[in-house]
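First up is the structure itself, then whatever we jot down about it.
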Amino acid sequence: MKARFELVIVGAGFAGLYMLHRARQLGLGACVFEAGSGVGGTWYWNRYPGARCDVESMEYSYQFDEALQQEWRWSERFATQPEILRYANHVADRFDLRKDIRFETRVIAATYDDGRWAVRTDKGDEVSAQFLVMATGCLSSTNRPDIKGIDTFAGPIFHTGEWPHEEPDFTGKRVGVIGTGSSAIQSIPLIAQQARQLVVYQRTANYTVPARNAPLDPEFVARIKADYPAFRARNSLQINAFGSNMPRSSIPARELGPAERRAALEARWEYGGLFFLGAFGDLLLDQAANDEAAEFVREKIRGVVKDREVARLLSPGQIIGCKRLCVDSGYYATFNRPNVRLVDISASGIDEITPQGMRVNGSSHELDALVFATGFDAMTGTLLRIDIRGRGGKTLQDAWRAGPRTYLGLSVAGFPNLFLITGPGSPSVLTNMIVSIEQHVNWIAECIAHLRSRGRGTIEALPSAQEAWVEHVNAVAGRTLYTQCSSWYLGANIPGKSRVFMPLLGFPAYVERCNEVAAKGYEGFQTS
Ligand code: N01
């Protein structure tokens, strides 16, 4: 296709779908390119067994349309991947979005020249647009470690982030899972139920808390639906933009006695989910408070896992919450099964993959299938795999050589009319993503409307505003414990990636700043 649009959107996940809807409301001619064959983004690709959201379903949905949020019925407290994908498809149908989406088409290059973006795809499309919106998601480029011998393996290799549409059958098979992050922790209990033998290769033990998932109580749903906007408003005032039903405590651990601290941790452990990190006001600020919560989880692990050595290996030592906390259903108990084995690879990694399996710590393991649950090149990976060139032909790769630099996580100096949705430097992955997505899309739509109403065609972040923003993001992170472990928030999971803490902590303050920027005529931007 060769065509001219006002807006090109890359990605048909929750960000791309809503951006398209808003573009239409503004009367903009828009086109979406999507690499997958359907909508849903993360929820299209991550179909591994056990995949479900760790934000409660009554919150993990759009709020822009009251009829939509009233009519959709979630079945469980934490929705499964198939249910969330059904929801994304429902939204696409309800708002008739598919006709402007080109599926199975990957954007490979975008070049800015003389007020417009020239966008190229792997299907040979060459389109031009005034505005380019990257709705590419934060966790959409899989990390496939380059392990010696990987191409020699005789059986199938799966990655949780690119799971096949046809469900693999592990019945009677010996399966190896590499990694113990959220994806592994969700899939391991289910793979263990099917496989003859499951071997889990763990480099770093991870903290996980029980989900306490359950069918949704109709009375609870009715209460929320009776005034959904008020529920949304309360959630948007939370630091992570979710969880007003169980808000973070404002009391620091040191102001509580030992029994009160214990009770706070127990209550949140019983409640289930990420709320555990809100047991103390300073759990992610103060080492002693964090140590107490971490030891509490280790004690729980020892209480569940019968083999002492396995329990010890499963017990993480790092700061809890510093890497994304995992939420599980039966993860630790899975290691009591006779067909499950934990292999510690923290000291020397995996020696090599062989046709029959793996060599680890000098011994051979025979396996029929391998599952890489090794995560993503988060937040920047997908953007940097596209050849994006801004003013004067400068590439995004060059602009971000020392780590991503944005203004508000929405815009990059030197790249006019390019918008990022939930980009680095915005709260994104530290929040309920759908809430952050809607806030970004609304801001972008209002910005474009503002430009049009004033007869202006371009907007670009000022380098000075961007530098100040990068400093602000670093300063906020520096006041917490988040920067003190090797997480994907910092890019530390990808060899050679610059270490920069990418998300910004604190949704309400961020929204206030975005609104203030707009109210001041897009302060920190130049328009022409
Ligand atoms: O990926 P991860 P994920 N050799 O990066 C290991 C979201 N999510 O897909 O810690 C051996 O967390 C790596 O080890 P180490 C959520 O935000 C949400 O699980 O680097 N091992 C780690 O154990 C989450 O945080 C949900 O030492 C290697 C694992 O692989 C994010 O997605 C569900 C290795 C990767 O863990 C990513 O989660 C799923 C190597 N060469 C995902 N390289 C929910 O909503 C990496 N590893 C619940």
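With θ taken as phi - 60° and the coefficients 6.51, -1.76 and 1.60, list the Karplus ³J(HN,Hα) couplings across region 45-61 in order, rounded to whole Hz; mark glycine and proline as x.
8, 8, 9, 5, x, x, 5, 7, 7, 9, 9, 4, 4, 5, 10, 8, 6
Counting only C-alpha contacts under 8 Å and six or more residues apart, can you give the relative contact order of region 153-286 as a whole percent? List each step's numbers first, then the result.
On the way: 123 pairs, mean separation 26.5, N = 134.
Value for region 153-286: 20 percent.
Find, to one decimal place in angstroms, the Kirkwood hydrodynamic radius of region 358-460, where the mean of 1/r is taken over every pair of different Cα atoms and then inverted.
Details: mean 1/r = 0.0607 Å⁻¹.
Answer for region 358-460: a Kirkwood hydrodynamic radius of 16.5 Å.
With a 4.7 Å Cβ cut-off, tell me which Cys residues in the chain come up empty for a partner.
So, Cys31, Cys53, Cys138, Cys326, Cys447, Cys514.
Treating only the Cβ of Lys, Arg, Asp and Glu as charged (+1, +1, -1, -1), what charge dipole size does region 192-255 show about its Cα centre? Round to the nearest 20 debye. Mind dumping the intermediate values first?
Details: 9 positive and 4 negative charges, 46 e Å.
Around 220 debye, computed over region 192-255.
For region 62-152, what does the alpha-carbon gyration tensor say about shape, rounded, prolate or oblate, given a ≥ b ≥ c as the root eigenvalues, a/c under 1.5 as rounded, and a/b over b/c as prolate?
Note, shape of region 62-152 comes out oblate.
Mind giving me the nanometre distance, one decimal, between the label points for Arg479 and Asn339, set 7 Å out from Cα along Cα→Cβ?
Placing both labels 7 Å along Cα→Cβ, they lie 5.1 nm apart.
With charges set only on the Cβ (+1 for Lys and Arg, -1 for Asp and Glu), what does the dipole of the chain come to about its Cα centre, in debye to the nearest 20?
Details: 58 positive and 57 negative charges, 79 e Å.
Value, rounded to 20: 380 debye.
Rounded to a whole number of µm²/s, how large is the Stokes-Einstein D of region 66-214 at 20 °C and 1.002 mPa s, given Rh as the Kirkwood radius over C-alpha pairs? Mind dumping the intermediate values first?
Numbers: Rh = 19.8 Å.
This corresponds to a translational diffusion coefficient of 108 µm²/s.
Along each of the three principal axes of the Cα atoms of region 333-405, give the extent in whole Å, ordering the values from largest to smallest.
Dimensions of region 333-405 along the principal axes of its Cα atoms: 60, 29, 24 Å.
If we restrict to alpha carbons, what Rg and Dmax does region 400-454 come to, in Å?
My reading of the Cα-based Rg and Dmax gives 12.0, 37 Å.
By the gyration tensor of its Cα atoms, with a ≥ b ≥ c the square roots of the eigenvalues, what is the shape of region 182-231: rounded for a/c under 1.5, prolate for a/b over b/c, or oblate? All intermediate terms of the calculation are to be shown ahead of the outcome.
On the way: a/c = 4.88, a/b = 2.46, b/c = 1.98.
Cα axes put region 182-231 in the prolate bin.
Enumerate the amide H contacts of Val371 below 5 Å, restricted to partners 5 or more residues apart or on another chain; note that Pro and chain-start residues carry no placed amide H.
Residues meeting the amide H criterion: Phe158, Gly176, Val177, Ile178.
In the structure shown, do any of Lys323/Lys497; Lys99/Lys225; Lys225/Lys300; Lys173/Lys300 have a Cα-Cα gap over 24 Å, and if so which?
Working: Lys323/Lys497 17 Å; Lys99/Lys225 31 Å; Lys225/Lys300 36 Å; Lys173/Lys300 31 Å.
Over 24 Å apart, Cα to Cα: Lys99/Lys225; Lys225/Lys300; Lys173/Lys300.
Could you tell me the distance between the Cα centroids of region 473-528 and region 268-333, to the nearest Å?
26 Å
Report the Rg/Rh value for region 447-518, based on alpha-carbon coordinates and the Kirkwood definition of Rh.
Values: Rg = 16.0 Å, Rh = 14.6 Å.
Ratio of gyration radius to Kirkwood radius for region 447-518: 1.10.
For region 30-114, what is the largest minus smallest coordinate of the Cα atoms on each principal axis, given in angstrom and ordered from greatest to least?
Over region 30-114, Cα extents along the principal axes are 48, 31, 21 Å.
Using C-alpha positions alone, give me the convex hull volume of region 252-318 per residue in cubic angstrom.
Details: hull volume 5.8 nm³, N = 67.
It is 86 Å³ per residue.
For region 343-350, what does the Karplus curve 6.51 cos²θ - 1.76 cosθ + 1.60, with θ = phi - 60°, yield as ³J(HN,Hα) per residue in whole Hz, taken in order and with x for Gly and Pro?
Values, residue by residue: 10, 7, 10, 5, 7, 10, x, 9 Hz.
Tell me, Kirkwood radius of region 41-84 from alpha-carbon pair distances, in Å? Spell out each step's value before the answer.
Values: mean 1/r = 0.0898 Å⁻¹.
Result for region 41-84, one decimal place: 11.1 Å.
Under 8 Å for C-alpha pairs, at least 6 residues apart: give me the relative contact order for the chain, rounded to a whole percent.
Working: 1078 pairs, mean separation 102.7, N = 528.
Relative contact order for the chain comes out at 19 percent.
First measure r as the distance between the Cβ atoms of Arg452 and Ser363, then evaluate 1/(1 + (r/R0)^6) with R0 = 60 Å and state the FRET efficiency to the nearest 0.05.
On the way: r = 66 Å, r/R0 = 1.10.
Here the calculated transfer efficiency is 0.35.
With just the Cα atoms defining each centre, how far is region 3-62 from region 205-227? Give it in Å.
First find each Cα centre; the distance between them is then 24 Å.
By a straight-distance test (C-alpha under 17 Å), which aspartates and glutamates pair with Lys520 as possible cross-link partners, with residues fewer than eight away in the same chain excluded?
Lys520 reaches Glu446, Glu460, Glu512.
Per DSSP H run of at least 4 residues, take -39500 (n - 2.57); add these up for the chain, divide by its residues and hand me the 222 nm value, nearest 500 deg cm²/dmol. Kindly include the intermediate steps, with their values, before the conclusion.
On the way: 16 runs with 169 residues, N = 528.
My calculation for the chain gives -9500 deg cm²/dmol from helical runs alone.
Figure the gain on full extension for Glu260 and Asp217 (residue separation times 0.36 nm, minus the Cα-Cα span) and round it to one decimal in nm.
The Glu260-Asp217 span can extend by a further 12.5 nm.
May I ask for the net charge around Gly272, where only other residues with Cβ less than 9 Å from the Cβ of Gly272 are counted and Lys, Arg are +1 while Asp, Glu are -1?
Around Gly272, the surrounding residues sum to +2.
Restricting things to Cα coordinates, could you compute the convex hull volume per residue of region 1-157 in Å³? Walk me through the numbers before you get to the answer.
Numbers: hull volume 22.6 nm³, N = 157.
In region 1-157, the Cα hull volume divided by residue count equals 144 Å³.
To the nearest 10 Å², what's Met379's accessible area with a 1.4 Å probe?
It works out to around 10 Å².
Using Cα pairs closer than 8 Å and at least 6 residues apart in sequence, work out the relative contact order for region 81-166, in percent.
Values: 53 pairs, mean separation 11.8, N = 86.
Relative contact order for region 81-166 comes out at 14 percent.
Amide H to amide H under 5 Å from Gln197: which residues, 5+ apart in sequence or cross-chain, H placed 1.01 Å off N in plane?
Amide H neighbours of Gln197: Lys173, Arg174, Val175.
Reported to two decimal places, what Rg/Rh ratio describes the chain when computed on Cα atoms with Rh from the Kirkwood expression?
Here the Rg-to-Rh quotient is 0.96.
Looking at the square roots a ≥ b ≥ c of the eigenvalues of the Cα gyration tensor of region 163-288, which shape do they give, rounded for a/c under 1.5, prolate if a/b is larger than b/c, or oblate? Could the numbers behind the result be given before it?
Details: a/c = 2.63, a/b = 1.48, b/c = 1.77.
The shape class here is oblate.
Using a 1.4 Å probe over the heavy atoms of the protein chains, calculate the carbon and sulfur portion of the accessible area of the chain as a whole percent.
Numbers: 10380 of 21120 Å².
Summing carbon and sulfur atoms, their accessible area is 49 percent of the total for the chain.
Could you give the length gained by full extension between Ala267 and Ala288, i.e. 0.36 nm per residue of separation minus their alpha carbon distance, to one decimal place? Please report the intermediate quantities before stating the final value.
Working: separation 21, 0.36 × 21 = 7.56 nm, distance 1.95 nm.
That pair, Ala267 and Ala288, stretches by 5.6 nm at full extension.
For region 199-261, what is the Kirkwood hydrodynamic radius in Å, using each pair of distinct C-alpha atoms? Write down the numbers at each step before the final one.
Values: mean 1/r = 0.0642 Å⁻¹.
Taking every pair of different Cα atoms in region 199-261, averaging 1/r and inverting gives 15.6 Å.
The values are calculated or read from the model by the stated rules, or taken from the named source; none is laboratory data. This is a predicted model, so every value here is computed, not measured. Using ideal geometry, Cβ is built from the backbone for each residue, glycine included, and neighbour counts are taken over all protein chains shown. Note: areas computed on protein heavy atoms with side chains; ligands, DNA, RNA excluded. Shrake-Rupley method; radii C 1.70, N 1.55, O 1.52, S 1.80 Å.
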